[in-house]
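Let me begin by presenting the structure, written as structure tokens, before commenting on it.
Any read-out appearing in this document is the output of simple, stated calculations on the displayed coordinates, not a laboratory observation. Everything numeric in this text was worked out from a predicted model, so none of it was measured. Don't worry about glycine lacking a Cβ; one is built from the backbone with ideal geometry, like all the others, and counts go over all protein chains shown.
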């Protein structure tokens, strides 16, 4: 798939982890000032995408992405501009530290549900479901407590039995299919350059596939952020590949002597879903 995209890198953010990066391409992006460049696989290709990514201290990158997609955070149905955020902390205890998290928890259109559940986000997976944890998934494997971190304390998110999470959208508070133009995710403990990525689709049409920057093996739990915005296209599905293997009781992380790069997710940030 040929994609033209603009890449915005918080290079000062990346620089703090330059010495531990195992990815030569990633290492080339280290600099003492913000790097803003346009990279084209083909000058005539479409669509165009604006990419913002960072590792380590990702706050500046998050602020750039929020500003890009609409600075206002929407908390109720009926918004026009602005964006939505999901940080999982509103998930009740009954759905925490188990495998019971409902795939449509933040896509409710039930009038009796609170507005906080009406964020227009539907998650699916070819795996067994989804899980939320406030202990870095200690309940799955006690070794994970030293491998992962929550970015916006204290709860994080995974697909169970799979590395794939597909995200679909509804007009918040309704059952009407919707699209977004931008979507970003905070990840914890991306160790290598090939394990974690995001694909953006308009129906069956692949708009682009983007790698999540890695923190190397010497910073367990370190944060990565990738956000992509399509100014001229609609995104109906975002597929996330989080790590090279699912979390399990028998699988240790690459930076803990295991053979797979295990990754968890925190904040989701996306433009207001519209039909």
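Data for the structure
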item	result
Simple spin-label estimate for residue 75 and residue 93 in nanometres, 7 Å along Cα-Cβ	2.4 nm
Relative packing of peptides 51-64, 190-203 - highest average C-beta neighbours within 10 Å first	51-64, 190-203
Shape call, segment 49-89: gyration tensor on alpha carbons, a/c limit 1.5	oblate
In nm, spacing of pseudo-spin labels at residue 197 and residue 209 (7 Å Cα→C-beta vector)	0.3 nm
Protection proxy ranking, peptides 169-176, 74-81, average beta carbon neighbours within 10 Å, highest first	169-176, 74-81
Added length on full extension, which subtracts the Cα-Cα distance from 0.36 nm per residue, residue 85 to residue 100	3.3 nm
